[in-house]
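Every read-out reported here was derived from the displayed coordinates using simple, explicitly stated rules and does not represent laboratory data. Nothing here was measured: the structure is a model prediction, and the numbers come from that model. Ideal geometry is used to build each Cβ from the backbone, glycine not excepted, and the neighbour counts take in all protein chains shown.
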Amino acid sequence: MEKITSFTIDHLKLLPGLYVSRKDHAGDSVITTFDIRMTRPNYEPVMNTAEIHTIEHLGATYLRNHPTMKDHVLYFGPMGCRTGFYLLLAGDYESKDIIPLVKGMFTFIRDFEGEVPGAAAKDCGNYLDMNLNMAKYLAKKYVDEVLDHISEERLVYPE
């Protein structure tokens with residue numbers, strides 16, 4: 001079997017950033033998959049499930065309510081390796097095109113106060129596995145260390 005595209009990226013060179021992972025075609029439409037890499041693979045500790053779950057709930061809420069992008073959002077969810085998230089958008093985009101959207105989402109998470117949307121037994125299959133404080137910490141770290149001064153090496157996969 002052939003390696004899937006995401007397994008061909010050298011994860012030893014991959015820095016936290018915002019990358020186009022792939023572009024797929026569905027009929028006449030382009031679907032762009034983004035790799036929102038929050039931690040450096042194999043160098044930093046991975047995120048725990050509670051903060052990932054909280055970021056997923058808050059991020060999905062933000063994206064699906066975004067005034068101009070909500071109709072383009074197909075999916076937002078965690079990577080199995082727990083180093084980041086995938087965002088799938090309907091449309092042909094580059095990483096630099098969505099920096100404001102992703103920065104807005106992580107700023108929303110960083111500043112969020114109150115009950116996490118969907119964090120109730122009737123709304124979620126594992127509602128107790130949440131950590132808002134750690135999600136806010138990780139969102140702040142990603143904004144401060146990556147998004148506020150993002151460089152080309154954090155927008156394009158390493159060779």
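Points worth noting:
- A straight Cα-to-Cα reach below 22 Å connects Lys103 with the lysines Lys23, Lys70, Lys136, Lys140, Lys141, residues fewer than 8 places away in its own chain not being considered.
- For Ser6, Ser95, Ser21, order by how many other beta-carbon atoms lie within 10 Å, fewest first: Ser6, Ser21, Ser95
- Overall Cα dimensions of region 1-158, principal axis frame, Å, largest first: 40, 38, 36
- Working from Cα pairs under 8 Å separated by at least six residues, relative contact order for the chain is 30 percent.
- Ordering of 57-64, 116-123, 87-94 by packing [mean C-beta count within 10 Å, highest first]: 57-64, 87-94, 116-123
- Solvent-free Debye scattering, log10 I(q)/I(0), computed from the Cα coordinates of region 54-97 at q = 0.26, 0.31 Å⁻¹: -1.02, -1.17
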